Amino acid sequence: MDAKPTRTPGGKLALWLFYGFCLYTVWSVLRYFWIVSDVTDGDMGSLGGKLLGALMGLLVLGSVAALLGWLAWYTRAR
């Protein structure tokens, strides 16, 4: 019978870092909309300004998540 491949401790750490960062990203976006929903002045008062700000934040968080996701994939069990 073939043994099931398991991750190394470094691979497990990379996977949990990726999971944790994904949860942080969801929390961050929800918090952003909660805080920014009270803003009514200036460019950030419009719906387009709020969505543009969220998109810029997601670009930054998404690039870090992509790097962590690649690291978790690279350290997968083989």
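Residue 52 satisfies every condition listed in (1) in a loop (DSSP other than H, G, I, E, B); (2) of a type in the set (A, V, I, L, M, F, W, C); (3) surrounded by 11 or more Cβ atoms within 10 Å (Cβ to Cβ) except (1).
Residues of the range 1-44 that are open to solvent by 100 Å² or more (accessible area, probe 1.4 Å), among the basic types (Lys, Arg) and assigned to a loop (DSSP other than H, G, I, E, B): 4 alone.
Would you say residue 64 is part of a loop (DSSP other than H, G, I, E, B) and surrounded by 12 or more Cβ atoms within 10 Å (Cβ to Cβ)? Taking the combined requirement at face value, the residue does not satisfy it. Scanning the range 25-43 for residues that are in contact (Cβ under 8 Å) with a residue 12 or more places away in the chain and not small (Gly, Ala, Ser) gives 25, 29, 32, 33, 36.
The values are calculated or read from the model by the stated rules, or taken from the named source; none is laboratory data. What you are looking at is a predicted structure, and each value in this text was computed from that prediction instead of being measured. Please note: Cβ atoms are built from the backbone with ideal geometry, for glycine as well, and neighbour counts cover all protein chains shown. Note: areas computed on protein heavy atoms with side chains; ligands, DNA, RNA excluded. Shrake-Rupley method; radii C 1.70, N 1.55, O 1.52, S 1.80 Å.
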